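Input: a single structure, listed below in C-alpha coordinates.
The values are calculated or read from the model by the stated rules, or taken from the named source; none is laboratory data. These figures come from a predicted structure and were not determined experimentally. With ideal geometry, Cβ positions are generated from the backbone for all residues, glycine too; neighbour counts draw on all protein chains shown. Accessible surface is based on the protein model in full, side chains and every heavy atom, while ligands, DNA and RNA are left aside. Shrake-Rupley method; radii C 1.70, N 1.55, O 1.52, S 1.80 Å.
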Amino acid sequence: MSGMLKLHRAIKASAKPLALAIGNFDGVHLGHQAILAQTKNAATALGMTPAALTFAPLPREYFSRAQQRDDVSLKPLSRLMSVTEKLAAFQRAGLAEVWIPRFDQHFAAQSPIAFLDALRAANVRWLMAGADFRFGAKRAGDIALMRSYGAEHGITVETMTDIACVDGGRISSSAIRAALAEGRLDLAESMLGRPYSIVGRVTHGKKLGRTLNFPTANISLTGRNPALGGVFAVQCRLVTRGLEGVAGQVSEGEVIFNGVANLGTNPVVSSENRQHLEVFLFDFSRDLYGQRLYVTFIEKIRDEQQFSSLDALVIQMHDDTARAKDILSRIQWTHPVT
(Lines give C-alpha, C1' and ligand atoms only; values in the text may rest on other atoms or scores of the structure.)
Protein backbone atom coordinates (compact mmCIF):
# COMPACT_ATOMS: atom_id res chain seq x y z
CA MET A 1 0.00 0.00 0.00
CA SER A 2 1.34 3.42 -0.94
CA GLY A 3 1.31 6.49 1.27
CA MET A 4 -1.52 8.93 1.87
CA LEU A 5 -3.23 10.13 -1.30
CA LYS A 6 -3.99 13.85 -1.22
CA LEU A 7 -7.26 14.80 -2.89
CA HIS A 8 -7.87 18.31 -4.21
CA ARG A 9 -11.21 19.51 -5.55
CA ALA A 10 -9.50 22.15 -7.70
CA ILE A 11 -6.24 22.51 -9.62
CA LYS A 12 -3.88 23.48 -6.85
CA ALA A 13 -0.28 24.70 -6.86
CA SER A 14 2.32 22.26 -5.59
CA ALA A 15 5.60 23.19 -3.91
CA LYS A 16 7.27 20.28 -5.71
CA PRO A 17 7.21 19.82 -9.51
CA LEU A 18 4.48 17.45 -10.64
CA ALA A 19 4.41 14.60 -13.12
CA LEU A 20 0.73 14.59 -14.08
CA ALA A 21 -1.50 12.07 -15.84
CA ILE A 22 -4.67 13.57 -17.33
CA GLY A 23 -7.82 11.76 -18.36
CA ASN A 24 -11.29 10.54 -17.47
CA PHE A 25 -9.88 7.23 -16.17
CA ASP A 26 -13.34 5.65 -16.01
CA GLY A 27 -12.72 2.04 -15.00
CA VAL A 28 -8.93 2.52 -14.72
CA HIS A 29 -8.51 -0.20 -17.36
CA LEU A 30 -5.21 -1.62 -18.64
CA GLY A 31 -4.58 1.41 -20.85
CA HIS A 32 -5.13 3.76 -17.93
CA GLN A 33 -2.95 1.59 -15.72
CA ALA A 34 -0.12 1.89 -18.25
CA ILE A 35 -0.46 5.69 -18.24
CA LEU A 36 -0.40 5.81 -14.45
CA ALA A 37 2.59 3.46 -14.26
CA GLN A 38 4.56 5.57 -16.71
CA THR A 39 3.66 8.72 -14.78
CA LYS A 40 4.83 7.15 -11.52
CA ASN A 41 8.09 6.00 -13.15
CA ALA A 42 8.75 9.44 -14.64
CA ALA A 43 8.11 11.10 -11.29
CA THR A 44 10.56 8.77 -9.58
CA ALA A 45 13.24 9.32 -12.23
CA LEU A 46 12.84 13.11 -12.30
CA GLY A 47 12.35 13.74 -8.59
CA MET A 48 8.76 14.90 -9.05
CA THR A 49 5.46 14.15 -7.33
CA PRO A 50 3.24 11.65 -9.22
CA ALA A 51 -0.27 13.02 -9.67
CA ALA A 52 -3.42 12.69 -11.74
CA LEU A 53 -6.13 15.03 -12.98
CA THR A 54 -9.62 13.72 -13.64
CA PHE A 55 -13.10 15.22 -13.55
CA ALA A 56 -16.42 15.00 -11.69
CA PRO A 57 -18.81 14.68 -13.33
CA LEU A 58 -17.09 13.19 -16.35
CA PRO A 59 -17.31 15.62 -19.30
CA ARG A 60 -19.48 13.19 -21.25
CA GLU A 61 -21.86 13.01 -18.27
CA TYR A 62 -22.04 16.79 -18.02
CA PHE A 63 -22.90 17.29 -21.69
CA SER A 64 -25.32 14.34 -21.75
CA ARG A 65 -27.30 15.87 -18.89
CA ALA A 66 -27.94 18.94 -21.03
CA GLN A 67 -29.13 16.67 -23.85
CA GLN A 68 -31.41 14.81 -21.44
CA ARG A 69 -33.05 18.06 -20.40
CA ASP A 70 -33.98 18.57 -24.06
CA ASP A 71 -34.91 14.92 -24.68
CA VAL A 72 -36.22 13.06 -21.63
CA SER A 73 -36.21 9.77 -23.57
CA LEU A 74 -32.42 9.67 -23.46
CA LYS A 75 -31.00 7.38 -20.78
CA PRO A 76 -28.27 8.54 -18.39
CA LEU A 77 -24.80 7.57 -19.52
CA SER A 78 -23.24 4.71 -17.62
CA ARG A 79 -20.12 4.91 -15.51
CA LEU A 80 -17.72 2.04 -14.83
CA MET A 81 -16.68 3.12 -11.34
CA SER A 82 -17.47 5.62 -8.64
CA VAL A 83 -15.12 8.42 -7.63
CA THR A 84 -14.28 6.49 -4.46
CA GLU A 85 -13.27 3.42 -6.44
CA LYS A 86 -11.21 5.57 -8.78
CA LEU A 87 -9.34 7.10 -5.85
CA ALA A 88 -8.56 3.61 -4.58
CA ALA A 89 -7.14 2.71 -8.01
CA PHE A 90 -5.00 5.87 -8.04
CA GLN A 91 -3.64 5.00 -4.63
CA ARG A 92 -2.81 1.46 -5.76
CA ALA A 93 -0.94 2.97 -8.71
CA GLY A 94 1.31 4.86 -6.31
CA LEU A 95 0.11 8.40 -6.97
CA ALA A 96 0.59 11.03 -4.28
CA GLU A 97 -1.92 13.70 -5.37
CA VAL A 98 -5.17 13.77 -7.33
CA TRP A 99 -7.09 16.76 -8.64
CA ILE A 100 -10.79 16.28 -9.28
CA PRO A 101 -12.14 19.72 -10.26
CA ARG A 102 -15.86 20.07 -10.80
CA PHE A 103 -16.60 19.95 -14.52
CA ASP A 104 -19.23 22.65 -14.93
CA GLN A 105 -20.14 25.41 -17.37
CA HIS A 106 -17.23 27.58 -16.26
CA PHE A 107 -14.68 24.77 -16.53
CA ALA A 108 -16.02 23.64 -19.91
CA ALA A 109 -15.86 27.18 -21.30
CA GLN A 110 -12.19 27.89 -20.58
CA SER A 111 -9.86 28.08 -23.54
CA PRO A 112 -7.24 25.37 -24.12
CA ILE A 113 -4.46 27.86 -23.33
CA ALA A 114 -6.15 28.91 -20.08
CA PHE A 115 -6.28 25.25 -19.06
CA LEU A 116 -2.59 24.75 -19.83
CA ASP A 117 -1.72 27.99 -18.03
CA ALA A 118 -3.45 26.65 -14.92
CA LEU A 119 -1.39 23.46 -15.08
CA ARG A 120 1.85 25.39 -15.49
CA ALA A 121 0.95 27.68 -12.56
CA ALA A 122 0.33 24.57 -10.46
CA ASN A 123 3.94 23.47 -11.09
CA VAL A 124 3.25 20.70 -13.61
CA ARG A 125 6.50 19.92 -15.41
CA TRP A 126 5.69 16.55 -17.00
CA LEU A 127 2.42 15.55 -18.64
CA MET A 128 0.99 12.24 -19.82
CA ALA A 129 -2.29 11.79 -21.67
CA GLY A 130 -3.88 9.48 -24.21
CA ALA A 131 -3.05 10.26 -27.82
CA ASP A 132 -6.67 11.29 -28.50
CA PHE A 133 -7.06 13.55 -25.45
CA ARG A 134 -8.97 16.79 -26.17
CA PHE A 135 -9.43 19.72 -23.81
CA GLY A 136 -10.73 23.26 -23.56
CA ALA A 137 -13.87 24.89 -24.92
CA LYS A 138 -15.41 22.92 -27.79
CA ARG A 139 -12.60 20.36 -27.35
CA ALA A 140 -10.36 22.68 -29.34
CA GLY A 141 -7.13 21.63 -27.58
CA ASP A 142 -5.23 18.52 -28.61
CA ILE A 143 -1.90 16.83 -28.03
CA ALA A 144 -0.20 18.88 -30.76
CA LEU A 145 -1.13 22.09 -28.93
CA MET A 146 -0.06 20.57 -25.63
CA ARG A 147 3.35 19.63 -27.07
CA SER A 148 3.83 23.10 -28.57
CA TYR A 149 2.91 24.76 -25.28
CA GLY A 150 5.15 22.40 -23.36
CA ALA A 151 8.15 23.10 -25.60
CA GLU A 152 7.69 26.83 -25.02
CA HIS A 153 7.28 26.59 -21.25
CA GLY A 154 9.56 23.71 -20.28
CA ILE A 155 6.90 21.03 -19.78
CA THR A 156 7.59 17.54 -21.10
CA VAL A 157 4.56 16.04 -22.83
CA GLU A 158 4.23 12.28 -23.38
CA THR A 159 1.41 10.23 -24.85
CA MET A 160 0.45 6.59 -24.53
CA THR A 161 -0.37 4.61 -27.65
CA ASP A 162 -3.49 2.46 -27.66
CA ILE A 163 -3.35 -1.00 -26.10
CA ALA A 164 -5.11 -3.85 -27.89
CA CYS A 165 -7.23 -6.38 -26.02
CA VAL A 166 -7.49 -10.10 -26.64
CA ASP A 167 -9.84 -9.80 -29.62
CA GLY A 168 -7.60 -7.22 -31.28
CA GLY A 169 -9.86 -4.27 -30.53
CA ARG A 170 -8.74 -1.09 -28.82
CA ILE A 171 -9.05 -1.02 -25.04
CA SER A 172 -11.30 1.84 -24.03
CA SER A 173 -13.93 2.65 -21.44
CA SER A 174 -16.55 2.71 -24.19
CA ALA A 175 -15.56 -0.78 -25.35
CA ILE A 176 -15.80 -2.05 -21.79
CA ARG A 177 -19.27 -0.55 -21.36
CA ALA A 178 -20.35 -2.21 -24.61
CA ALA A 179 -18.97 -5.58 -23.46
CA LEU A 180 -20.81 -5.30 -20.13
CA ALA A 181 -24.06 -4.33 -21.84
CA GLU A 182 -23.75 -7.48 -23.97
CA GLY A 183 -23.07 -9.62 -20.88
CA ARG A 184 -19.51 -10.39 -22.07
CA LEU A 185 -17.89 -10.27 -18.65
CA ASP A 186 -14.83 -12.16 -19.91
CA LEU A 187 -14.13 -9.52 -22.55
CA ALA A 188 -14.63 -6.72 -20.04
CA GLU A 189 -12.21 -8.47 -17.67
CA SER A 190 -9.57 -8.75 -20.40
CA MET A 191 -9.66 -4.97 -20.84
CA LEU A 192 -9.96 -4.02 -17.17
CA GLY A 193 -7.23 -6.41 -16.07
CA ARG A 194 -9.60 -7.69 -13.36
CA PRO A 195 -13.20 -8.90 -13.14
CA TYR A 196 -15.83 -6.17 -13.23
CA SER A 197 -16.96 -5.24 -9.72
CA ILE A 198 -19.11 -2.73 -7.91
CA VAL A 199 -18.30 -1.42 -4.44
CA GLY A 200 -21.19 0.04 -2.48
CA ARG A 201 -22.68 0.50 0.94
CA VAL A 202 -25.42 -1.87 2.09
CA THR A 203 -28.63 0.08 2.61
CA HIS A 204 -32.14 -0.69 3.80
CA GLY A 205 -34.52 -1.79 1.05
CA LYS A 206 -38.13 -2.92 0.90
CA LYS A 207 -37.16 -6.16 2.71
CA LEU A 208 -39.47 -8.16 0.45
CA GLY A 209 -36.72 -10.74 -0.03
CA ARG A 210 -37.01 -11.75 3.63
CA THR A 211 -40.65 -12.64 3.25
CA LEU A 212 -39.75 -14.78 0.22
CA ASN A 213 -36.88 -16.53 2.09
CA PHE A 214 -34.35 -14.75 -0.11
CA PRO A 215 -32.97 -11.95 2.11
CA THR A 216 -30.86 -9.63 0.01
CA ALA A 217 -28.18 -7.01 0.62
CA ASN A 218 -29.19 -3.83 -1.17
CA ILE A 219 -26.12 -2.05 -2.54
CA SER A 220 -26.23 1.71 -3.05
CA LEU A 221 -25.68 2.76 -6.68
CA THR A 222 -25.55 6.48 -5.94
CA GLY A 223 -23.47 8.32 -8.52
CA ARG A 224 -23.38 5.59 -11.13
CA ASN A 225 -25.55 4.05 -13.82
CA PRO A 226 -24.06 0.60 -14.46
CA ALA A 227 -23.65 -0.51 -18.06
CA LEU A 228 -24.82 -4.07 -17.36
CA GLY A 229 -28.05 -5.55 -16.13
CA GLY A 230 -29.63 -8.88 -15.34
CA VAL A 231 -29.01 -11.74 -12.92
CA PHE A 232 -25.43 -12.79 -12.15
CA ALA A 233 -23.39 -15.27 -10.17
CA VAL A 234 -21.23 -13.12 -7.88
CA GLN A 235 -18.54 -13.31 -5.24
CA CYS A 236 -18.33 -10.71 -2.48
CA ARG A 237 -16.02 -9.51 0.25
CA LEU A 238 -16.33 -6.81 2.87
CA VAL A 239 -14.42 -3.57 2.39
CA THR A 240 -12.70 -1.69 5.21
CA ARG A 241 -11.15 1.74 5.30
CA GLY A 242 -7.78 1.66 3.59
CA LEU A 243 -4.73 1.64 5.84
CA GLU A 244 -3.91 5.12 4.57
CA GLY A 245 -7.53 6.19 4.69
CA VAL A 246 -8.61 7.13 1.21
CA ALA A 247 -10.95 4.71 -0.41
CA GLY A 248 -10.94 1.34 1.24
CA GLN A 249 -9.59 -2.08 0.48
CA VAL A 250 -10.74 -5.64 0.70
CA SER A 251 -10.33 -6.89 4.23
CA GLU A 252 -7.43 -9.27 4.66
CA GLY A 253 -8.57 -12.72 5.74
CA GLU A 254 -12.24 -12.00 5.03
CA VAL A 255 -14.37 -14.93 3.95
CA ILE A 256 -15.58 -14.90 0.35
CA PHE A 257 -19.35 -14.78 0.12
CA ASN A 258 -20.86 -16.53 -2.89
CA GLY A 259 -24.19 -15.31 -4.10
CA VAL A 260 -26.57 -14.36 -6.86
CA ALA A 261 -27.26 -10.74 -7.75
CA ASN A 262 -29.99 -8.89 -9.57
CA LEU A 263 -28.99 -5.61 -11.18
CA GLY A 264 -31.89 -3.74 -12.73
CA THR A 265 -35.15 -1.96 -12.04
CA ASN A 266 -36.92 -4.87 -10.30
CA PRO A 267 -40.15 -4.45 -12.31
CA VAL A 268 -42.05 -7.06 -10.27
CA VAL A 269 -41.67 -5.29 -6.94
CA SER A 270 -40.87 -1.68 -7.83
CA SER A 271 -42.42 1.00 -10.03
CA GLU A 272 -39.31 3.18 -9.81
CA ASN A 273 -37.46 3.40 -13.09
CA ARG A 274 -34.01 3.33 -11.55
CA GLN A 275 -31.45 0.61 -11.10
CA HIS A 276 -31.00 -1.43 -7.94
CA LEU A 277 -28.31 -3.95 -7.03
CA GLU A 278 -29.54 -6.71 -4.70
CA VAL A 279 -27.35 -9.64 -3.65
CA PHE A 280 -28.57 -12.87 -2.07
CA LEU A 281 -25.62 -14.40 -0.21
CA PHE A 282 -25.67 -18.16 0.23
CA ASP A 283 -25.63 -19.56 3.78
CA PHE A 284 -25.19 -16.10 5.30
CA SER A 285 -27.08 -14.37 8.10
CA ARG A 286 -24.89 -11.50 9.36
CA ASP A 287 -26.15 -7.91 9.55
CA LEU A 288 -24.39 -5.91 6.81
CA TYR A 289 -26.29 -2.61 7.02
CA GLY A 290 -23.95 0.35 6.69
CA GLN A 291 -20.99 -1.77 5.60
CA ARG A 292 -19.37 -1.61 2.17
CA LEU A 293 -19.47 -4.72 0.03
CA TYR A 294 -17.22 -5.51 -2.92
CA VAL A 295 -19.37 -7.37 -5.47
CA THR A 296 -17.51 -9.16 -8.27
CA PHE A 297 -19.60 -10.26 -11.26
CA ILE A 298 -18.52 -13.76 -12.31
CA GLU A 299 -21.02 -14.85 -14.96
CA LYS A 300 -24.34 -13.63 -16.32
CA ILE A 301 -27.23 -16.05 -15.78
CA ARG A 302 -30.06 -14.27 -17.56
CA ASP A 303 -31.61 -10.93 -18.41
CA GLU A 304 -34.02 -9.28 -16.01
CA GLN A 305 -37.61 -10.17 -16.80
CA GLN A 306 -41.22 -9.61 -15.78
CA PHE A 307 -43.15 -12.23 -13.81
CA SER A 308 -46.88 -12.73 -13.55
CA SER A 309 -46.76 -13.22 -9.77
CA LEU A 310 -44.47 -13.38 -6.75
CA ASP A 311 -44.82 -17.17 -6.80
CA ALA A 312 -43.41 -17.25 -10.34
CA LEU A 313 -40.59 -14.98 -9.20
CA VAL A 314 -39.72 -17.31 -6.31
CA ILE A 315 -39.58 -20.32 -8.64
CA GLN A 316 -37.17 -18.44 -10.89
CA MET A 317 -35.07 -17.31 -7.92
CA HIS A 318 -34.60 -20.94 -6.87
CA ASP A 319 -33.46 -21.75 -10.39
CA ASP A 320 -31.11 -18.74 -10.46
CA THR A 321 -29.61 -19.79 -7.12
CA ALA A 322 -29.00 -23.34 -8.32
CA ARG A 323 -27.32 -22.10 -11.50
CA ALA A 324 -25.18 -19.60 -9.59
CA LYS A 325 -24.02 -22.27 -7.15
CA ASP A 326 -23.06 -24.53 -10.05
CA ILE A 327 -21.11 -21.72 -11.75
CA LEU A 328 -19.31 -20.72 -8.56
CA SER A 329 -18.44 -24.32 -7.65
CA ARG A 330 -16.25 -24.42 -10.74
CA ILE A 331 -14.19 -21.29 -10.09
CA GLN A 332 -11.77 -20.00 -7.48
CA TRP A 333 -11.28 -16.48 -6.19
CA THR A 334 -8.20 -15.47 -8.16
CA HIS A 335 -8.50 -11.68 -8.23
CA PRO A 336 -8.34 -10.34 -4.67
CA VAL A 337 -9.04 -6.62 -4.66
CA THR A 338 -6.64 -4.42 -2.74
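The residue of segment 126-142 that is modelled with the lowest pLDDT, among those that are among the charged types (D, E, K, R) and under 23 Å from Q33 (Cβ atoms), is D132. Remark: pairs (first residue in segment 305-317, within 15 Å of N262 (Cα to Cα); second residue assigned to a helix (DSSP H, G or I); Cβ separation under 6 Å; 6+ apart in sequence or on different chains) = F307/L313.
Restricting attention to segment 262-275 and to residues that are of a type outside the set (V, I, T) and open to solvent by 30 Å² or more (accessible area, probe 1.4 Å), the residue that is modelled with the lowest pLDDT turns out to be S271. For segment 158-173, the criterion of a residue being over 26 Å from the mean Cα position of the chain (by Cα) and under 19 Å from I35 (Cβ atoms) is satisfied by no position. Would you mind telling me which numbered condition in (1) without any contact (Cβ under 8 Å) to a residue 24 or more places away in the chain; (2) open to solvent by 30 Å² or more (accessible area, probe 1.4 Å); (3) among the β-branched types (V, I, T) T156 fails? Here T156 clears every test but (1).
When segment 284-325 is filtered for residues that are part of a loop (DSSP other than H, G, I, E, B) and under 22 Å from I198 (Cβ atoms), the ones remaining, listed by number, are F284, R286, D287, L288, Y289, G290, Q291, D303, E304, Q305. For L180, the criteria (1) part of a loop (DSSP other than H, G, I, E, B); (2) at pLDDT 70 or above; (3) open to solvent by less than 30 Å² (accessible area, probe 1.4 Å) hold in every case but one, which is (1).
How many residues does segment 62-119 hold that are modelled with pLDDT of 90 or more and either loosely packed, with under 13 Cβ neighbours inside 10 Å or under 21 Å from M146 (Cβ atoms) (or both)? So the answer is 24.
Would you say A131 is surrounded by fewer than 16 Cβ atoms within 10 Å (Cβ to Cβ), in contact (Cβ under 8 Å) with a residue 24 or more places away in the chain and closer than 30 Å to E299 by Cα?
Taking the combined requirement at face value, the residue does not satisfy it.
Going through segment 326-338 one residue at a time, which ones are assigned to a helix (DSSP H, G or I) and either in contact with a Leu (Cβ under 6 Å, 6 or more places away or on another chain) or among the hydrophobic types (A, V, I, L, M, F, W, C) (or both)? Across segment 326-338, the qualifying residues are I327, L328.
For segment 28-37, a tally of residues being in a helix (DSSP H, G or I) and in contact with a helix residue (DSSP H, G or I) (Cβ under 9 Å, 6 or more places away or on another chain) returns 5.
Of the listed requirements (1) assigned to a helix (DSSP H, G or I); (2) modelled with pLDDT under 95; (3) charged (D, E, K, R), K40 misses just one: (2).
Filtered by the rule that a residue be over 19 Å from I100 (Cα atoms), hydrophobic (A, V, I, L, M, F, W, C) and more than 16 Å from the chain's Cα centre (by Cα), segment 1-36 gives M1, A34. When E254, E278 are checked against the criterion of being modelled with pLDDT of 85 or more, open to solvent by 30 Å² or more (accessible area, probe 1.4 Å) and of a type in the set (D, E, K, R), E278 stands alone in meeting it.
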